[in-house]
Amino acid sequence: MNLGIILPLMVVATLLGAFGSLLLKKGSAEFELKIPSIIKNWKIILGLFLYVLASVIFIWLLKTSKLSFLYPFTALSYVWVSFLSVKFLGENMNAWKWLGIVFIIAGIVFVSI
Amino acid sequence: MQNKNLAIILVIIFTIFSALAQLLWKYSTESLSLSIKGTILNTFLVLGFVTYAIGSVIFILALKKGELSMVFPFISLSFIWVALLSIIFLGETIAITGWIGIILIILGVSFVNRGSK
């Protein structure tokens, strides 16, 4: 399977995971450790579903590529989450946080190779 | 305790659960013998999901207490636990590049923490 399919799919998978995290954050405000409450928390349910979907795509892609090659792309999640947090949660990014993201991405690449 | 510090503790606990789940799933892909393969595969697989489910609840609790852009980068710490667990339980070794990566991740997480309220 060529890169023209694998890379976009990794972008899709990481975006799904990032949106899933965003939904989990939104749903966490109303989250209670009671089953009836959790079932009605559509943000949590959808967020978890997006996570599962992202994982399924990743596991499927593992049939085509080595883990050491695919894993670094999961680091894209950290970039997406940073942007989504600013846009949808009113959070702030700054130099320290971006520097941290860069180091984390570099670290993930080193750990994976 | 401040919400931020509680969020950090909770997400770190999540990363440990996440690493444990991955270890259990790794075990589930190996079999001791063909005759009991099905049972072993199944137990470790289920245990892995249970562990990850518990971890997910802890992660959501962390999100209750802290900002997403602060909490999420901490997830990268699971790489470190996975490396340590692989050494202890799977007899794997970590190359120098792996250790460099771990240091970079730790630094990165500390920078994010520094930049967060």
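A residue that is closer than 20 Å to residue A:86 by Cα and either at pLDDT 95 or above or assigned to a helix (DSSP H, G or I) (or both) occurs nowhere in the range B:87-105.
So that you can scan it fast, the table gives a plain yes or no per residue for (1) touching a residue at least 12 places away in the same chain (Cβ under 8 Å); (2) under 27 Å from residue B:83 (Cβ atoms):
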| site | (1), (2) |
| --- | --- |
| A:9 | yes, yes |
| A:13 | yes, yes |
| A:29 | no, no |
| A:34 | no, no |
| A:38 | no, no |
| A:46 | yes, no |
| A:90 | no, no |
| A:93 | no, no |
| A:107 | no, yes |
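With respect to residue B:62, is the statement that it is crowded, with 21+ Cβ neighbours inside 10 Å, at pLDDT below 95 and within 30 Å of residue A:27 (Cα to Cα) true? No; evaluated as a whole, the condition is false for this residue.
Being surrounded by fewer than 23 Cβ atoms within 10 Å (Cβ to Cβ), at the interface with another protein chain (Cβ under 7 Å from one of its Cβ atoms) and closer than 13 Å to residue A:111 by Cα is the filter here, so list the residues in the range B:84-117 that pass it. Within the range B:84-117, B:97, B:98, B:100, B:102, B:104 qualify. Checked against the criterion of being in a helix (DSSP H, G or I), closer than 20 Å to residue A:67 by Cβ and not polar (S, T, N, Q), the candidates B:108, B:55, B:48 yield just one match: B:48. Checked against the criterion of being farther than 19 Å from residue B:7 by Cβ, in a helix (DSSP H, G or I) and among the hydroxyl-bearing types (Ser, Thr, Tyr), the candidates A:21, A:77, A:55 yield just one match: A:55. Quick check on the range A:24-41: of everything there that is facing another protein chain (nearest Cβ under 9 Å) and not in a helix (DSSP H, G or I), which residue is surrounded by the most Cβ atoms within 10 Å (Cβ to Cβ)? The extreme case among them is A:31.
Condition test on residue B:80, is it more than 8 Å from chain A (Cβ to nearest Cβ) and buried (at least 20 other Cβ atoms within 10 Å of the Cβ)? So residue B:80 passes the test.
The values are calculated or read from the model by the stated rules, or taken from the named source; none is laboratory data. This structure is a prediction, so every number in the text was calculated from the model and none was measured. Note that we place each Cβ from the backbone using ideal geometry, even for glycine, and neighbour counts take in every protein chain shown.
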